[in-house]
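Beneath this line is the structure, given in structure tokens, with notes to follow.
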Amino acid sequence: MGDNTEIRENKEILRNRIILLRECMTPMEREKAGIRIFENFFNLPEYQNAEYIFAFAGFGTEVPTMNSVFKMINSGKKVALPRVLDGERMEFYEIRKISDIRKSDMGIPEPTGECKAVDYTPDMILVPGSVFDRKFNRLGYGRGYYDRYLREKGYERVVWKIALGFACQVVDQVPMDEKDVPVDMIITEKKVIR
């Protein structure tokens, strides 16, 4: 029990420190870095060969994603975004147009109730996070939505999990526990870590 408490505390300290760094970026810096992140992403053969993509709506100081999400849709990809259900779990819903999105009670853009839950396995999942390391470990925001979802669906090993983050979010080591699911690739404005 002590080990898990220490890991949780270390995660929280690191998460807060890195989110503060991210918040120190100006909106223009985040926008420009986000464009470079998606240039790196769109050049991936994995992206070019993908048909089904689970993405996320960048929120607050996260990587801005929505312009690129619609770019994917306009290029013929099927794109789904997550919606949190009952406060504990999330599911992905396919979106096709801007009116398919609304803000949740927490202010996070999510698919509306009219969107259809996906019934297919994605070729890749774009994963948000607060901190990443060069061994592909990631810290989310402490609620465990993505780790739970990936394990429950059995996607830990069969789907490309690609983290999008700013270079300031990549550190040498992230504290992990047995519930945490690593990603396969991290894309920042400076490089692709594979």
List, largest first, the extents of the alpha carbons of the range 93-172 along their principal axes, each in whole Å. 42, 28, 21
If one builds a Gaussian network model of the chain from Cα atoms under 10 Å apart, the most fluctuating residue listed among Gly113, Gly144, Gly58 is Gly113
Most mobile of Val63, Val158, Val174 in a GNM of the chain (Cα contacts under 10 Å): Val158
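Hey, what did the chain get for relative contact order, percent, Cα under 8 Å, at least 6 apart?
Values: 332 pairs, mean separation 47.0, N = 194.
With pairs under 8 Å counted, the relative contact order is 24 percent.
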Please report how far the C-alpha centroid of the range 126-194 lies from that of the range 15-89, rounded to the nearest whole angstrom. 13 Å
Nonlocal amide H pairs with Ala57, under 5 Å, H built at 1.01 Å: none
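Please report the projected area of the range 1-84's Cα convex hull averaged over all directions, in nm².
Mean shadow area of the hull around the Cα atoms is 7.6 nm².
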Once phi is turned into ³J(HN,Hα) by the Karplus curve 6.51 cos²θ - 1.76 cosθ + 1.60 with θ = phi - 60°, what whole-Hz value does each residue of the range 165-178 show in order, with x for glycine and proline? x, 7, 4, 5, 8, 9, 10, 5, 8, 10, x, 10, 10, 5
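Is there a quick way to get the dipole size of the range 2-193? I mean about its Cα centre, with the Cβ of Lys and Arg at +1 and of Asp and Glu at -1; what is the value in debye to the nearest 20?
Details: 30 positive and 31 negative charges, 100 e Å.
Dipole magnitude for the range 2-193 comes out near 480 debye.
Looking at the range 1-84, which GluC sites (Glu not before Pro) are in a loop (DSSP not H, G, I, E or B) and have at most 16 other Cβ atoms within 10 Å? It would help to have the intermediate numbers written out before the result.
Working: sites: Glu6, Glu9, Glu12, Glu23, Glu29, Glu31, Glu39, Glu46, Glu51, Glu62; in loops: Glu51, Glu62.
Counting only loop positions with at most 16 other Cβ atoms within 10 Å, the GluC sites (Glu not before Pro) in the range 1-84 are Glu51.
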Mind sorting Ser104, Ser130, Ser99 by how few other Cβ atoms lie within 10 Å of their own Cβ, fewest first? Ser99, Ser104, Ser130
Counting only DSSP beta bridges with both residues in the chain, tell me the antiparallel percent, nearest 5. 50 percent
For the range 116-130, take each phi angle, set θ = phi - 60°, evaluate the Karplus expression 6.51 cos²θ - 1.76 cosθ + 1.60, and give the result in whole Hz per residue in order, putting x for glycine and proline. 8, 4, 6, 10, 9, 8, x, 7, 7, 10, 7, 10, x, x, 9
Quarter of the surface of the C-alpha convex hull for the chain, i.e. direction-averaged projected area in nm², equals 10.8 nm²
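None of the figures in this text is laboratory data; all of them are computed from the coordinates on show. Model, not experiment: these values are computed from the prediction. So basically every Cβ, Gly included, is an ideal-geometry build from the backbone, and we count neighbours across all protein chains shown.
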